[in-house]
1. Could you put A:W117, D:W305 in order of accessible surface area, largest first, with the 1.4 Å probe and the full protein assembly present?
2. Hydropathy first: keep DSSP H helices in chain A averaging at least -1.0 on Kyte-Doolittle, then drop any whose Cα extent along the axis falls short of 18 Å, and list what survives.
3. Hey, how many Å between the Cα centroid of the stretch B:183-254 and the Cα centroid of the stretch D:100-172?
4. Using just the Cα positions, wrap the stretch D:169-307 in a convex hull and report its mean projected area in square nanometres, one decimal place.
5. Between 0 and 90 degrees, rounded to the nearest ten: what's the tilt of helix C:202-211 against the longest Cα principal axis of chain C?
6. In Å³ and rounded to a whole number, note down the convex hull volume per residue for the Cα atoms of chain C.
7. How many angstrom lie between the C-alpha centres of the stretch C:66-84 and the stretch C:166-183?
8. With a sphere of radius 11 Å drawn around the Cβ of B:A219, what net charge do the other residues whose Cβ falls strictly inside it have (Lys, Arg +1; Asp, Glu -1)?
Amino acid sequence: MTDSRPVLTMTGISKSFPGVRALHDVRFRLFPGEVHALMGENGAGKSTLIKVLTGVYDTDGGTVTFGGTEVSFAGPMQATAAGVSTVYQEVNLCTNLSVAENIFIGREPRRLGAVRWGEMRRRARALLSRLDLDLDVSAPLGSYSLAIQQMVAIARAIDVQARVLILDEPTSSLDADEVAQLFRIMRQLRDEGIAILFVTHFLDQVYAIADRITVLRNGQLVGEYPTAELPQLTLVEKMIGKELDILEGIDEQPKRAVAALEKGTPLVAVSDLGRSGAVEPFSLTIHAGEVVGLAGLLGSGRTEVARLLFGADRADRGEIAVDGQPTGLPTPSRAIERGIGFCSENRRAEGIVAELSVRENMLLAMQASRGWLRPIPRRRQDELVEKYITALQIRPADPEAPVRNLSGGNQQKVLLARWLITEPRLLILDEPTRGIDIGAKTELQKLVTQLSDGGMAVLFISAELEEVLRLSHKVVVMRDRRMVAHLANDDSLDADRVMQTIASGSHREEVNR
Amino acid sequence: GNSDTGDAGNDGKIVLGFSQVGAESGWRTANTTSIKESAAAAGIELKFDDAQQKQENQIKAIRNFIQQKVDVIAFSPVVESGWDTVLKEAKDADIPVILTDRSVDSADKSLYKTFIGSDFVKEGRLAGEWLVEQKKGASGPVNIVELQGTTGSAPANDRKKGFAEATAANPNLKIIASQSGDFTRAGGKQVMEQFLKANPKIDVLFAHNDDMGLGALEAITAAGKVPGKDITIITIDAVKDGMQALADGKFNFIAECSPLLGPQLMDLAKKAHDGEQVAPRIETEETTFTQDQAKAALPNRKY
Amino acid sequence: MTDTRSRYRAVTGHQLFWPVAVLVVMLAANTIYRPGFLSVEVNNGHLYGTPIDILRLSAPLILVSLGMTVVISTGGIDLSVGSMVAISGATACLYISEQPDQNSLPAVLTGLAMGLGIALALGAWNGVLVAVIGIQPIIATLILMVAGRGLAQLITEGQIITINSGPYRAIGLGHVLTLPLAILIALAAALLVAAFTRWTALGMIIESVGGNAEASRLAGIRSGRVVFLAYVLSAVCAAVAGFMITANVSSADGNAAGLWVELDAILAVVIGGTALAGGRFHLSGTILGALIIQTLTTSVYAMNISPQTALLFKAVVVIAVCLIQAPAFRARITRQRRAAPASPPTPAREKEEVPA
Amino acid sequence: MSSTSLTLGRAKLRLPRRQVPVLATLVLLLVMYGIGVSQYRAFSNAQVVFNVFIDNGFLLVVAVGMTFVILTGGIDLSVGSVVAMTAMVSASLLQQGLPAQVVLVVALLIGPLLGFLMGCAIHFFEIQPFIVTLAGMFFARGMCTFISGSSIPITDGFWTTMSQQRIGDPQGNFVSISVLIAFAVVIAAAWTLAYTRLGRNVYAVGGNPQSALLMGLPVGRTRIAVYTISGLCSAIGGILLSFYTLSGAPLIAVGMELDVIAAVVIGGTVLTGGSGYVFGTVLGVLALGVIQTLITFDGSLNSWWTRIVIGGLLFAFILLQRLVGIRYK
Ligand SMILES: Nc1ncnc2c1ncn2[C@@H]1O[C@H](COP(=O)(O)OP(=O)(O)OP(=O)(O)O)[C@@H](O)[C@H]1O
Ligand SMILES: Nc1ncnc2c1ncn2[C@@H]1O[C@H](COP(=O)(O)OP(=O)(O)OP(=O)(O)O)[C@@H](O)[C@H]1O
Ligand SMILES: [Mg+2]
Ligand SMILES: [Mg+2]
């Protein structure tokens, strides 16, 4: 912020994909020693702008000036070499390689052309400990959860001696602790004079770290503002282009009463379900109309609980009863038959089928449960798809667009629609708000409330504790792959108490085991 | 037999290791059967290996025969060249080698005892000579189409060569088209279909084996011509179906290539094992057939 | 102006445009070489001519490729189709050859049923190996590719079984409404597979499994069944192709029937625009691919290209076909032409697609 | 952070699993060898093992090249034809009287050149490897028959020495020079994959090409490199084959690509790329070699039973390998 000459300037950037104008005459400046937030709704063009900058996409027009000279990177390789280090949206690492390699590949420590594995591992450990992570760096990256993969991607990016660091939604799956850790490092780098471009949908984070904000809307520049001069509400208005009191709406959500729901046979009763090496045996009941929140730190086993419940991983012990009827251990198709839906956190690997259209992706789960012999009539398909495209504001609103062409947040919405269409009785949402913009997030939260009011049970997992507390009737706390507490979400429960429970791992105040 | 050398032969039987090319045709199968039957009849223990048309596999098989210390090795080489190294190993192990069906091009003739089999060039030549004889009086040009065997295979090369040599005697005989039908009926038929469409006047068809000729028959019939009359058909091999076609007047001439060299081979194996002197080249008894000869011979054809 | 251009775009952008263009060019080249190439006449009440030959001969390949398309779409591959062709043809011919009256329709039908039955069993075997045991498709089907040929030879005992059966012959050589029956069977099969996959949800489910197996599993698709079905379908298609190939020459050759047809079939599928990695499949593209391959083979004979150079010729054509088909190649060519006068500093390029 | 220490514990437990497929293959191979020894006389001769190496040296070298390609998620169908073409070119050049060194250089250049061109077509024009290398296969085979319709013998002194030189122990057991060359190639390849940037990029590209691109790795260069390497290995394989047979034949090594792919896959390399080892490929080649040796030693099978038994043994091998793999999963 101090230096008056920007290290990076993009002017007149335009980029069209077939049928979509992703960017139109966008201007963007980045100064050394600043953290610059790029804001906008899902599909506003943030990721596209980044990819144009690093040469993943070609521009249709416009110039990029970097360090005073006009550049046109042919690809990430050149961009990295020139000093632009990027973490793209979604984890873009190789899960088959070890953690250490994912950090260092392309610039491994070598002697006489030979990779020095020991040195590489040592340096990887050192680097990760800067992020407060202690991983087995020779284990394949794929054996770690998405959040850890995200941290590894960040580690890779900050290790490069770069002048510009670009982080596209790095915090979407991180817990408060990790975010704090990341911010500490970002500040440190900023103070060293590195320019940081930061994309997120969390307004708090923007105000916590950004010096300056650029807002995009529908591929067009809305404006560039110093953070201090842009109140939250104005920012949201600029992003969505309308005057809306969304923020109040979220904050004023009342606490949800739990007592009334806990009567009668639970919809799903889990006893001693477990899988060795993944999660300790746990018991859990979920009633119709109940929202159960899962809270815990990164890697505490929330995802694993969800996967076991749905049968995505095979449990090796325990029982599940649906409507009081014991059922065998679930497989995904059996779980769906019983009215359970599971929206995975890893949308790229476990969610979307990239090649298929938005329509087909939305209808996949419903079709699977009907069996292939009973296709959904075309009219009904169109109705359903239309309905959810409107309801979730999916853009572009073209049912036949290949889903791979959608922005990350819109892909997430498509997945959500996939499960809502099946009208499940229990919907497991693993980080459903990951990467979706503030407007859509509010909509989603409203939707969850509505659905549960209508009798649907929801198991809600989110890295955002506030969100969990806001929506849940009951909060289940995970720690070290063990379920340590079931807390009724009454007036006495707040984020601090949940954090305490996580920290102490105590079993107090258990409700209905 | 003598048990002193035969280590693999447990009861004093001669052990013969035989590496066959494969089972790519009825002809080859008849050849295999003949060898198996005559081995049993002659009291020779046969170690049979099928190389699936690959030279590499044959070399491997011969190496393994050497390890097993068989008494005699025999094989039908897939190709002529490339045997010196392994034959030298056999020689060093004092195992006599007999070639069947096809020779090898080793400069060192001491690497094998003898070669028994047909001469592909000669077969082609016999076919060509018959044609020259038939068309002696022809005044105008005689258009010949040729169905070659698998491109690059020895029988195809040699039969083509022999036929071309023989027909060179009469400048009226012209090969107007020559394509590979891969020794198969389907191939022969498909190629002949195109020959017929591309060339209005075809007088003679020369097929490198019966099967291609049989396939071509169908194409000729479908084109509304009469095989054997409108188009003279010459083939090689004389398998049963071919002989039948010849007897029915659909073919005009077949040069035989006999697969039945089992008895001769066993005889040679015994002699080689006993260290007797044998002639370096033994031809199988082969003949040619015209339509009348085919009628006479057909009832007692074995394959 | 813009209208014609956008229409031009729409036409050339169509997924079948380039395969069709290639086919047309090949036919045109043949016609230049021999003007009578495309001529068709009526002979004995049915059509007779090179185009008809191409249609008839491509029928088995079309069939095999149809099954292959579906298998490839699930992310697999089926190398055993060639052996399957040989086995089913040999079984049917063996049975028919043993009947006292080879022309009796029931006997022929029984023979066909037996051939189909064996193919079903072998297809199920492939399906189990891939879908249940989880062996990589290429190696799972390689087992039958090797052993199956042996099985076919075992059935024929290494001989060529010649039969003399009118009804059986008709599968390969019959004519209906002056058109070869074989191509009608192949087209009927194509329509059947298309209906089977597109009127039901099977097509989408197959594409989903091939596109992202894990996501499909989590969406509740029992991908095992779909994959299993694909291999069975492929085997059945190959079996019918086997009947055609053997009927065409009225004889079953355990060694040569269907030899290397798997490569041709895969090539046809790929030319037709289906990616080998799985996902979206295009049946009409596959059919065109098969026609292109057969036209190429026929061209070699029709132009009398010497067998020694035939393979080189094929290679050149295949290279040309894949280049023309590749959007990236065309983009380069057209851009270069356009860029030449204007010469912007960095010509726009299309790059690898990256998910958001 | 308490959770991460647990992660560590779990990951440690997982570590040896990566080697399990390879270990399983090794054990099965030994079992198969044991069966041979117990069933057939003379199977226990050391020379039998050496012969497996002698007879499969060229296959091994080609399979090593294929391993690179498959690790990136590609496939190279042209290898068999390139092997044949290299042998043909060498034989025909030698026949024309060129000196051995020149012939070697020329022959060793053709394969990589073709591989390089194929790699470029795959990368720049985004054409599927299968179709590009299939065209390459037609081309190379076409060159073979184009050079000569029949086989060409090699009488050159250098070739003859390389072919017939035996390196052995006093008991008369020996290996050929080709085996040593094959081993050298294997070691060089294993080193390249494990210790060079190129090698690690190969795994990255196979794991996820899009990620590799975004990580700033030279995806295009790596792709082109692996096809070039495969071409080079095929060329070396072709030379070894010409040592082996002392001739060039137009129809040699037909269908070899399938053997090679089978060997690589049996060796535990996943066809979609990203995981596998050269050592596994060695085991895969040995497995195929031992199966064949077993069948020759048996000597009672006719042609079709030979095929059926090969298929059966292959099946048993892969099934067991898979089951062992699952057990440890
Ligand atoms: N490869 C592509 N092909 C076609 N359209 C695309 C492609 N990539 C992005 N788009 C479109 O471009 C627009 C901008 O997408 P982009 O990914 O930049 O959004 P974003 O601002 O990053 O959104 P999010 O917050 O959801 O990540 C979207 O409408 C998207 O559908
Ligand atoms: N697919 C997987 N295969 C193997 N191990 C996994 C897999 N997914 C997660 N793990 C391991 O299990 C641990 C628990 O992960 P899980 O995803 O359940 O945590 P979580 O509480 O959902 O946290 P988050 O998703 O925020 O990382 C992870 O740290 C990781 O080591
Ligand atoms: Mg984005
Ligand atoms: Mg999680």
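The values are calculated or read from the model by the stated rules, or taken from the named source; none is laboratory data. None of these values were measured; they are calculated from a predicted model. When we count neighbours, we look across all protein chains shown, and the Cβ atoms used for this are built from the backbone with ideal geometry, even at glycine. The protein model used for the area step is the full one, side chains on, heavy atoms only, and it has no ligands, DNA or RNA in it. Shrake-Rupley method; radii C 1.70, N 1.55, O 1.52, S 1.80 Å.
1. Reading off the accessible areas and sorting them downward yields D:W305, A:W117.
2. The qualifying helices are A:146-159, A:176-191, A:358-370, A:408-421, A:438-453.
3. For the stretch B:183-254 versus the stretch D:100-172, the Cα centre distance is 38 Å.
4. Computing the convex hull of the Cα atoms and averaging its projections yields 11.1 nm².
5. 60
6. Measuring per residue, one finds 187 Å³ for the Cα hull of chain C.
7. 26
8. Cβ neighbours under 11 Å give a net charge of +1.
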